[in-house]
């Protein structure tokens, strides 16, 4: 297990997860999230190859509807 910050909250997660696996492990069921790791946005095409590391600060931003 490793410790990371997700949306400002410390969490313990399984070591070696990529972004797609992290989203699933956290229980997010919809798609279209914007993910930033250590303030750098990660493109969707890189979700499978981007491995979460201990100490990472992860921001998961869901789309907001408005008008």
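Which residue out of 52, 60, 37 is surrounded by 13 or more Cβ atoms within 10 Å (Cβ to Cβ) and at pLDDT below 95? Before the answer, list the steps.
Values: 52 fails: at pLDDT below 95; 37 fails: at pLDDT below 95.
Going through 52, 60, 37 in turn, just one is surrounded by 13 or more Cβ atoms within 10 Å (Cβ to Cβ) and at pLDDT below 95: 60.
All conditions in (1) more than 10 Å from residue 58 (Cβ to Cβ); (2) modelled with pLDDT of 95 or more hold for residue 29, with the sole exception of (2).
Contact map, the range 32-54: residues that are touching a residue at least 40 places away in the same chain (Cβ under 8 Å) and on the phi < 0 side of the Ramachandran plot paired with residues that are assigned to a loop (DSSP other than H, G, I, E, B) and surrounded by 13 or more Cβ atoms within 10 Å (Cβ to Cβ), Cβ distance under 7 Å, separation 6+ or inter-chain. Pairs shown: 52/17.
The values are calculated or read from the model by the stated rules, or taken from the named source; none is laboratory data. Just so it is clear, the model here is predicted, and its values are computed rather than measured. Quick reminder, even Gly has a Cβ in these numbers, built from the backbone with ideal geometry, and neighbours come from all protein chains shown.
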